[in-house]
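The values are calculated or read from the model by the stated rules, or taken from the named source; none is laboratory data. None of the values given here were measured: they were computed from a predicted structure. Cβ placement follows ideal geometry from the backbone for every residue including glycine, while neighbour counts extend to all protein chains displayed. The accessibility values were calculated without ligands, DNA or RNA, using every heavy atom of the protein model including side chains. Shrake-Rupley method; radii C 1.70, N 1.55, O 1.52, S 1.80 Å.
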Amino acid sequence: MSIVQTINPATEEVLSDYTLQSEQQVDQAIEASSEAQEHWRRVNYPTRAECVRVFAEALKGARITLAELM
């Protein structure tokens, strides 16, 4: 199995390792995301809006951690 590494170019520190996925695994992930989108499309607007609001609040709460990742 092949591994790809994310490396900080300034420090050459390995930040993360990723296993390459097979074509079949990629196809399965695409199919799953397509099915999820079909479900999301049928969710009513107020529910979707609330989900997005909660997600936005979570992002705000994690803003320091997320900024440090940049």
Between 0 and 90°, nearest 10: helix 45-61 axis offset from the chain longest Cα axis: 30 degrees
Two decimals is fine: what is log10 I(q)/I(0) at q = 0.18 Å⁻¹ for the chain, from a Debye sum with one equal scatterer on every Cα and no solvent? -0.99
To the nearest 10 degrees, how steep is helix 23-42 against the longest Cα principal axis of the chain, on a 0 to 90 scale? 30 degrees
Mean separation of Cα contacts under 8 Å, 6 or more apart, over the residue count of the chain: relative contact order %: 17 percent
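Around GLN5, with a cut-off of 11 angstrom between Cβ atoms, what is the net charge of the other residues, counting Lys and Arg +1 and Asp and Glu -1? Before the final figure, lay out each step's value.
Values: positive: none; negative: GLU12, GLU13, ASP17.
Charge balance in the 11 Å sphere: -3.
In the neighborhood of GLU57, defined by Cβ-to-Cβ distances under 14 Å, what is the net charge if each Lys or Arg adds +1 and each Asp or Glu adds -1?
+2
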Within the chain, what whole-number % of the accessible surface is contributed by carbon and sulfur, with the 1.4 Å probe and all protein chains included in the calculation? 58 percent
Length gained when the stretch ALA56-GLU13 is fully extended (0.36 nm per residue, less Cα-Cα span): 12.4 nm
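Rounded to the nearest 500, what is the 222 nm mean residue ellipticity of the chain from helices alone, with -39500 (n - 2.57) per DSSP H run of 4+ residues and division by all residues?
Dividing the helical sum by the residues of the chain leaves -20500 deg cm²/dmol.
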With every protein chain present, what is the per residue accessible area of the chain (1.4 Å probe, Å²)? 91 Å²
